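The values are calculated or read from the model by the stated rules, or taken from the named source; none is laboratory data. Given the structure is predicted, the values throughout are model-derived calculations rather than measurements. Methodologically, a virtual Cβ is constructed for each residue, glycine included, from the backbone with ideal geometry; neighbour enumeration extends over all protein chains shown. Calculation scope for accessible area: heavy atoms of the full protein, side chains included, ligands and nucleic acids excluded. Shrake-Rupley method; radii C 1.70, N 1.55, O 1.52, S 1.80 Å.
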Amino acid sequence: MHWQSHPILFPFLFLLAFLALLPTPSSSSAWDPHPWPSTPPYVEGWYVRLTSLDTSDTLGVIFGASLLPLSPPSSLPPCYVAILHGDGKTNKTTVYEGNPPLESVEIRGHYGRNITKSPDWRTEPHFTWRARTPSHHNSDNLTADTEAIKQEINNMMLSSSSSSSSLSSSSSSPFTTMTAVQEGPLLFLHITLPTARFLAQIEVSPWAYDGSPRPHSWTDIIDEVPLHWYIHTLSSRLLYARLELHQAEGAREGGKVMESRHGLVHLEKNWGKRFPDSWLWAQGVTAAPSSHASSSSLPSSVAFVLSYGQVSPGIFTHFAHFRDEELGIAWDFKPVNSVLVAEEVDGCEGRARFVLEGWGEEEGGREEEERKRMIRGAAPGAMAEKREEEEEEKEEEEKKGGSGPGKLVAGALFPPSPLTPRRRRLVLELTFPLGSAACLSGPTGKGFEKLCQESFQGEARLIASVMKGGGREEVAREVIMERIAFELGGTMRCEGKCENEGK
């Protein structure tokens, strides 16, 4: 069993105190590419996970490239493209992957411009990331190529299920090719591997700088940590996804075609020097219990994402984000506003448990506005009624002394007493079936190598509660989520290796 202590080191606390005072943006579009530094190592990668609402399958996409030192030359590949398939019938996760050469990768910004500036935090995301075949390495026809891919995906979307249930004639390729096109609210994905082919179109929530509740962390703005982590959305809308598995992969998977036209999508990005030496990551989304979906709209969702890992020797940190659209909850747990009360990770048994407690901003601040925007279709009268109830509740707590000394002030480093009203608690109990995970590559600073394992067959028990006046705890949401993603990396894995290594 793996237990970690959390040493209180003065330099680290000083750093957190300083970061708490920085003017971080309320919504950051780090989803766009960053300019590469002149000094290696450096890596930048994107992660997309699709939870289908009309099949039992889940799908994932990873694509990234790295800048490596020239001397000594690395024997590890600098680029990585992967398709993950969580099969609801076999209860296993399979990965199809490739390593395109770095010279085949092209990353462009809006209007095909080179990436020369960091995201400005206000502009709607626009970029293209592609890995081309050898014959197209020197091609500058970016617009024509991306338009052809978008047209192919649109044609697939418009075709009937019966006419699109067989393998495409262009599905097989000896090379790894990849194109991701983000144009405002639409994301197009097109991947061709020797063993699989994947196409998707995703509708991301319209970008808004001030108010859209996309979580971000202080690691977005400093360079002292080995890896930055940015969550762009926890539950955007899947318009179409298609996975084709080739016969060369074997009788069990070969020749299959899977399609989904309705689902929820998680998008995130990493950039920095390398992955940490030890980490756990988990993500899940499900429809809210009383919500209803249709072919033209998404159900209200309940979603979470958690990252826990070693940022430097002996120092572990946490980031967790919880969204409940039905209840209008948007909670972010970071080192500057929360503590990890309990933590247990057992990679050999495929389970973990985390208890986080944190504090939000004062009522009526930015977070209150974000909650308003998150409630889909709420009538003005309903919002006013909700606001009145919250004001009455706040006044009641103030009468009990709940807003007196000890209440967390924005930017404060040290937490108030455990009985402080408005204290939030998030409990996550995570499991995955042993033998269900796929072994994935991750960046090491010297290239990509097998570094982590991930299962799409995980399960999460989530309990979100609020501390009321007098120490009373009120559960806002308790839910069991199936088909979550559960990833263990580095030494967090059982014996520091993937469960299928050496077999």
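For the peptides 279-290, 300-311, what is the packing order when you average, over each peptide's residues, the other Cβ atoms within 10 Å and list the highest mean first? Please report the intermediate quantities before stating the final value.
Numbers: 279-290: 20.8, 300-311: 22.6.
So the peptides 279-290, 300-311, ranked by packing, come out 300-311, 279-290.
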Discussion item. Treating the range 259-357 as a set of equal point scatterers at the Cα positions, no solvent, please give the Debye-formula log₁₀ I(q)/I(0) at q = 0.13, 0.16, 0.20 Å⁻¹.
Written reply: -0.60, -0.85, -1.12
Worksheet item: Cross-link list K89/K446; K273/K497; K150/K256; K117/K446; K89/K334: which exceed 29 angstrom alpha carbon to alpha carbon?
Response: K89/K446; K89/K334
Worksheet item: Would you list E454, E325, E478 from the most to the least accessible area, probe 1.4 Å?
Response: E478, E325, E454
